[in-house]
Every structure is written in structure tokens, then in C-alpha cells.
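Student: Shown below is the structure under consideration.
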Amino acid sequence: MEHLKEPLIELIRLAATNLPPDVEKALRQALEREEPGSAARGALETILKNVELARKRSTPICQDTGTPIFYVYHPEGWSTRKLRQVIEEAVAEATKRSYLRPNSVDSLTEKNTGNNLGDEHFPTIHFEEVDGDTLTVDLMLKGGGCENVGAQYSLPGRVGGGVPAGRDLEGVRRVVLDAVHKAQGQGCSPGILGVAIGGDRGSGYYASKEVLFNELDNPNPDPELEKLEERITEEANQLGIGPMGFGGNTTVLDTKITGLHRLPASFFVTVSYMCWAYRRRRMIWKDGTAVYK
């Protein structure tokens, strides 16, 4: 698997330094919605200038290069142990080349490993075997600020002001908007919401991040969830939080929702908040050639 190391390093470089086109497009559209001379417009102008400089100079978009989260879809028979090894080697080398900031800290000793490696959970790597002979690696670099404002609700429950939230899509809407309101600008808005309805506490967080790999322009295959996504995005932008919490018309760029089966006793709604530095990239490897998206 050693031949995968350099292509994986390039995947990391692209994720850290080159914002995906759909995200940049959404930020530029948000810029046009803000009043000239406003703090919100100024924040977006600075963000977009930063995006351009990071791409031009191949330097990280944000000083917090985040937790590397890999979703690896591999052909039958591939060794996940060896795949993990080469991914970790790529992460360590990407850190050495300053594409990533050293972020892996032992929670007990406070010691930073210096290479973004730690126990088996840092970096985070999910493996799934698939048909065919193509390897697909999705990478998300999720910053600490937006991760801190993620939330999980157990319904039925209540949100701000004691408003009830039941076990239905209206309850989902209320708790997701509650999460956005509580985050204010601390998640580095304008953000993107990944929402999982159902599952258990662990699978909910897994799915709420996985759905963030969907491009912003891609519609939800479930028309009812598509309608809910659009409503949540529209109403979140009526909260007046705005870019970086400075006020304005754009608090959320998009919402992505997925549904999971659950136990009858539980109804979880899990919200993963992604900051404007929506760093996600995909590598498709086949016949010795890597293609990046």
C-alpha cells in the first residue's frame, strides 16, 4: 500500500488548502445578500480573500486544521490494517509539510504527539467494504470550534423558552434551530448543518458527519427531508446571527438531513455543525491513478 502514501498526502493538502467549488460559490452568494459596509459583508469579504490566498499559496485555510476524519470505501480483500497504516503515515507526513497543524493531544497528560497521530481514534478512520476494484477515500477536516457546538437531543423534549419538541419532523426542526441559536457565532458561521434523525447516540453522530460529504447543490432523495432542509436553512438565516456572529442574513449555508432506524424507546436528533471552512475532499483510486473531487 506504500504507493498510496503520496496520493493521500495530496488529498490532505487539497482538503486543507483548497475550499471545494460548491462551498466557495455558496459563500459568494451569501456575500451578495449582505448590506454594503456591514460587518457581515466585511467578514465574508475577508473569508473569501483568505480562501483565495490559501489556494494560491497552498497553505491551510484556517489555523485550526481540525480533526482528520476519513471514510474509506475499499474493494473486497483489502487489508484495513495496512490501509490504516498508510493513512497514518500520510497524516504524519502532511503534518511535517505543514498542511496540518499538530492537533493530537493526550487528554490525560496534555502532551501533543506532534504528528497528528494518537490512539486508534486519532485520526478517525471509518472503513467499509464495497463491490468493484475502486478505492474511494473521503476526508473531512473538522475544526474544534464547530465541533464544540454540535448537539444531540433526545425527543420528546423542550427547547428555549420551554417550547415542546415532539417525536416528529416539527420536533426535529425545533431542536435543530435551537442548536443553531445556542451556537451563535461560535461555530464560525456561516455554517453547514449535518443532521441525523434516529439511530443511537454513536451512530447518530457518525451519520450526521457522513451526510456532510454531500455537495451543497445535491438535493435530498427524500422530498420531505428536502423540504425540511430548505425550511431549516431559511429560518436559521432569520435568526440574525450572521457571519462570525456579527449579525446579517447568512447564518447557515445549507442543511443536510438523513434518517436512521432506531429503537422504539429512543428518538435522537444529532446535529453536526460545520464551519464556513468546509474542508472536505474525495480521492478515487483505480488502476494506479488518483482522481480528486
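Student: Quick one: if you stick a label point 7 Å off each Cα along the C-beta vector at residue 169 and residue 39, how many nm between them?
Tutor: 3.6
Student: Do the sum for the chain: with -39,500 (n - 2.57) for every DSSP H run of n ≥ 4, divided by all residues, what is the mean residue ellipticity at 222 nm, to the nearest 500 deg cm²/dmol?
Tutor: -11500 deg cm²/dmol
Student: If you stretched the chain out fully between residue 55 and residue 29, how much longer would it get, using 0.36 nm times the residue separation minus the C-alpha to C-alpha distance?
Tutor: Details: separation 26, 0.36 × 26 = 9.36 nm, distance 1.94 nm.
Answer, rounded to one decimal: 7.4 nm.
Student: I've got another one for you. In straight Cα distance, which lysines are under 26 Å from residue 111, not counting same-chain residues fewer than 8 positions off?
Tutor: List returned: 96, 142.
Student: A follow-up question, please. Once phi is turned into θ = phi - 60°, what whole-Hz ³J(HN,Hα) does the Karplus curve with 6.51, -1.76 and 1.60 give for every residue of the range 73-80, x standing for Gly and Pro?
Tutor: 10, 10, x, 4, x, 6, 7, 5
Student: Also: Which of the lysines could a cross-linker bridge to residue 286, judged by Cα under 24 Å and excluding same-chain residues fewer than eight apart?
Tutor: 5, 82
Student: Here is a follow-up. Go through (1) 1, 5, 10, 13, 15, 14, 13, 11, 9, 6, 3, 1, 0; (2) 1, 5, 12, 15, 17, 16, 14, 10, 6, 2, 0, 0; (3) 1, 4, 9, 9, 8, 7, 7, 6, 6, 6, 5, 5, 4, 4, 3, 3, 3, 2, 2, 1, 1, 1, 1, 0, 0, 0 and flag the label whose value is the computed P(r) over Cα pairs in 5 Å bins from 0, in percent for this structure.
Tutor: Matching entry in (1) 1, 5, 10, 13, 15, 14, 13, 11, 9, 6, 3, 1, 0; (2) 1, 5, 12, 15, 17, 16, 14, 10, 6, 2, 0, 0; (3) 1, 4, 9, 9, 8, 7, 7, 6, 6, 6, 5, 5, 4, 4, 3, 3, 3, 2, 2, 1, 1, 1, 1, 0, 0, 0: (2).
Student: For the chain, which whole percent of the accessible surface, found with a 1.4 angstrom probe, sits on carbon and sulfur atoms? Walk me through the numbers on the way to the answer.
Tutor: Values: 6780 of 13790 Å².
Carbon and sulfur: 49 percent of the exposed surface of the chain.
Student: Follow-up. Report the Cys residues of the chain lacking a disulfide-compatible partner, meaning no second Cys Cβ under 4.7 Å from their Cβ.
Tutor: Unpaired cysteines in the chain: 62.
Student: Quick check: pseudo-label points 7 Å beyond the Cα along Cα→Cβ at residue 186 and residue 117, how many nm apart are they?
Tutor: It works out to 3.4 nm between the two label points.
Student: Follow-up. First measure r as the distance between the Cβ atoms of residue 129 and residue 262, then evaluate 1/(1 + (r/R0)^6) with R0 = 25 Å and state the FRET efficiency to the nearest 0.05. Before the final figure, lay out each step's value.
Tutor: Numbers: r = 25 Å, r/R0 = 1.00.
Calculated value: 0.50.
Student: Stretched out fully, how many nm does the piece from residue 287 to residue 235 gain, at 0.36 nm a residue minus the Cα gap?
Tutor: Values: separation 52, 0.36 × 52 = 18.72 nm, distance 4.64 nm.
Stretched fully, the residue 287-residue 235 segment lengthens by 14.1 nm.
Student: Quick check for you: with a 1.4 Å probe and neighbouring chains kept, what is the accessible area per residue of the chain, in Å²?
Tutor: Values: 13790 Å² over 293 residues.
About 47 Å² of surface per residue is accessible.
Student: So, in nm, how far is label residue 226 from label residue 1 when the simple model puts each one 7 Å beyond its Cα toward the Cβ?
Tutor: Spacing of the two 7 Å Cα→Cβ label points: 3.8 nm.
Student: Each residue of the range 246-260 in turn: what ³J(HN,Hα) in whole Hz from Karplus with 6.51, -1.76, 1.60 and θ = phi - 60°, glycine and Pro shown as x?
Tutor: Along the range 246-260, the couplings run 8, x, x, 9, 10, 9, 10, 7, 6, 10, 10, 10, 9, x, 10 Hz.
Student: Let me ask something else. Determine, from the Cβ-Cβ distance of residue 101 and residue 216 and an R0 of 35 Å, the FRET efficiency 1/(1 + (r/R0)^6), rounded to the nearest 0.05.
Tutor: Details: r = 26 Å, r/R0 = 0.74.
Using R0 = 35 Å, I get an efficiency of 0.85.
Student: Another one. So what's the gap between the Cα centers of the range 101-149 and the range 225-259, to the nearest angstrom?
Tutor: 27
The values are calculated or read from the model by the stated rules, or taken from the named source; none is laboratory data. Just so you know, these numbers come straight off a predicted model, no measurement behind them. We place every Cβ from the backbone using ideal geometry, glycine too, and count neighbours over all the protein chains shown. Surface accessibility is based on the protein's heavy atoms, side chains included, excluding ligands, DNA and RNA. Shrake-Rupley method; radii C 1.70, N 1.55, O 1.52, S 1.80 Å.
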